[in-house]
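Report on the following structure.
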Amino acid sequence: MRPFLIFGPIALLLATAPASAMTDDDFLRFAIQGDVSEAMLGRLAGQMCDTAALRSAGKTIEGDHDKARMEAEKLADFRGIKSPTLPTPDAAALAAKLKVLSGAAFARAFAAHMVKDHEQAIAAYKAEAGSGKGPVARYAQMSLPMLEKHLRIAENMEKTGGTGSAK
């Protein structure tokens, strides 16, 4: 429980601070905790969804964020930063909510969260990428296409209710 208390206030600070106010170290913590959160939620969708399209989207999100987390952790290790290991409080609360939902209700809640989180992440990653501060900025720039792909997937889920086909 102790890491949650340490990272909870950091997550709240980062969530409310303008993206441009983050240091490189803060950005890496934000990125890693976001990756932990999105991978956990993607894994949940991959396991619990009743449509193949939503299960596939969940598995894609999980895999991509696991890979991104590993890259960010390499940078954090190099910089001497302790990487967050727990999801954000919001993601943990959503996971608890999703575990009792199914079908369309699960798809709606999952998709809405993915849209909101990926929009926020894209803004933070663009700010970091534009800062021009070496390897952390390059990591942010290289991660943007993946985040934008996930946003498109989430927006499609919202439009289709997780079926993968237009309504």
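Read-outs: derived from the displayed coordinates by stated rules, not from any lab. Being a predicted model, the structure only gives us computed values, none of them experimental. Backbone-built Cβ (ideal geometry, glycine too); neighbour counts: all protein chains shown.
Hey, among the residues in segment 63-72 that are in contact (Cβ under 8 Å) with a residue 12 or more places away in the chain and surrounded by fewer than 19 Cβ atoms within 10 Å (Cβ to Cβ), which one's nearest to F110 (Cα to Cα)? Give the derivation first.
The first filter runs over segment 63-72 and keeps only residues in contact (Cβ under 8 Å) with a residue 12 or more places away in the chain, leaving 63-66, 68-69, 71-72.
Next, from what is left, pick out any that are surrounded by fewer than 19 Cβ atoms within 10 Å (Cβ to Cβ): 63, 66, 71.
Values: G63: 17, D66: 18, E71: 25 Å.
Out of the qualifying residues, it is G63.
Against the definition (in contact (Cβ under 8 Å) with a residue 12 or more places away in the chain and crowded, with 23+ Cβ neighbours inside 10 Å), how does T60 come out, yes or no?
no
Given (1) assigned to a loop (DSSP other than H, G, I, E, B); (2) surrounded by 15 or more Cβ atoms within 10 Å (Cβ to Cβ), identify the lone condition not met by L144.
Among (1) assigned to a loop (DSSP other than H, G, I, E, B); (2) surrounded by 15 or more Cβ atoms within 10 Å (Cβ to Cβ), L144 violates only (1).
To keep it simple, each residue is scored yes or no on (1) assigned to a helix (DSSP H, G or I); (2) under 19 Å from E158 (Cβ atoms); (3) not aliphatic (A, V, I, L, M).
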residue: I32; (1), (2), (3): yes, no, no
residue: V36; (1), (2), (3): yes, no, no
residue: A57; (1), (2), (3): yes, yes, no
residue: D90; (1), (2), (3): yes, yes, yes
residue: M114; (1), (2), (3): yes, yes, no
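Between a first residue in segment 123-149 that is among the charged types (D, E, K, R) and a second residue that is surrounded by fewer than 17 Cβ atoms within 10 Å (Cβ to Cβ), which pairs have beta carbons less than 6 Å apart while being 6 or more apart in sequence or on different chains?
none
With respect to R138, is the statement that it is surrounded by fewer than 21 Cβ atoms within 10 Å (Cβ to Cβ), basic (K, R) and within 18 Å of A154 (Cβ to Cβ) true? Walk me through how you get there before you give the answer.
On the way: surrounded by fewer than 21 Cβ atoms within 10 Å (Cβ to Cβ): yes; basic (K, R): yes; within 18 Å of A154 (Cβ to Cβ): no.
Criteria not met by R138.
List the pairs whose first member sits in segment 36-56 and is within 23 Å of M70 (Cβ to Cβ), whose second member is of a type in the set (K, R) and assigned to a loop (DSSP other than H, G, I, E, B), and whose Cβ atoms are under 8 Å apart, counting only residues at least 6 apart or on separate chains?
L44/K99
Which of the residues spanning segment 92-112 are outside any helix (DSSP H, G or I) and not polar (S, T, N, Q)? Talk me through it step by step, then tell me what you get.
Of the residues in segment 92-112, the ones outside any helix (DSSP H, G or I) are 99-102.
Listed by number, the residues that qualify are K99, V100, L101.
Considering only residues that are surrounded by 16 or more Cβ atoms within 10 Å (Cβ to Cβ) and within 14 Å of M40 (Cα to Cα), which ones fall in segment 73-91?
P84, L86, P87, T88, P89, A91
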